[in-house]
Amino acid sequence: QNPPVYSDMSNLIGTSEESGVKQNNVLNTAEYLEEKSPSIDRITVSVNIDGTWEKEYDEKGNLIINPNGSIARKYIPVDPAVLASTTSLIQSAIGYDRIRGDTVSVQNIQYDRSAQFAEEDEKFRKAQQQRTTILVSIAGIAAILLAFVVIRLITRSIERRRRLKQEEMLRQSQLEREKTIWEAEQAGMEVTMSVEERRRAELQENAVTMAKEHPEDVAMLIRTWLMEE
């Protein structure tokens with residue numbers, strides 16, 4: 001701001017006052033932020049590894065079943081060499097430092113698998129029951145078929161014996177009739193036969209002939225003849 005100007009026309013001396021505001025502007029400002037990573041005192045790792053279970057079999061390759069019906073199993077712990085190898089892998093992964101106080105623990109711990117084994121045993125029992133049912137059904141069907149075959153053979157044997165017996169009866173009857181006729185002729189007697197007797201004689205002769213040629217058909221003829229008797 002410029003001061004006011006006074007004209008000294010009468011050789012007079014005057015005074016003036018000057019006021020103002022001084023402002024300093026900061027052109028460049030720099031800020032620094034320092035971040036520090038947290039330090040690790042030590043690392044502790046603990047790992048539990050379960051072993052394996054194997055089902056037991058007998059010498060014939062069949063599963064061994066316990067008295068309560070469950071499958072016999074044997075627990076196999078983890079090999080110490082596997083535990084040592086796992087420990088080395090974990091130490092390498094975490095940057096293990098013994099001086100810092102890091103610790104890595106790998107142990108074999110047997111977990112409880114009762115629920116899993118109970119489910120497996122139940123499935124095994126159901127499969128065994130289904131297998132037994134199928135085997136019993138097959139055995140029953142086989143027994144029925146065998147009984148049918150045996151009964152069929154016995155029936156045929158009985159029918160054959162009956163047929164042979166009937167044929168023998170016809171043969172004996174024919175022999176007796178021929179013997180009677182021969183004896184009558186020898187005695188000079190004339191044998192008179194009624195129409196019915198002649199028909200029966202013819203039937204008997206035909207039956208003997210048919211018995212030799214058609215044994216199945218003669219059985220029906222013999223039964224008819226016996227009913228007429």
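No value in this document is a laboratory result; all are computed from the given coordinates. Keep in mind that this is a model prediction, so the values were computed, not measured. Here Cβ is always computed from backbone atoms with ideal geometry, including for glycine, and neighbour counts include all displayed protein chains.
Calculated FRET efficiency, residue 217 and residue 135, Cβ-Cβ r, R0 41 Å, to nearest 0.05?
On the way: r = 46 Å, r/R0 = 1.13.
About 0.35, to the nearest 0.05.
Convex hull volume of the Cα atoms in segment 40-110, per residue, in Å³?
Enclosed volume per residue, from the Cα hull, is 108 Å³.
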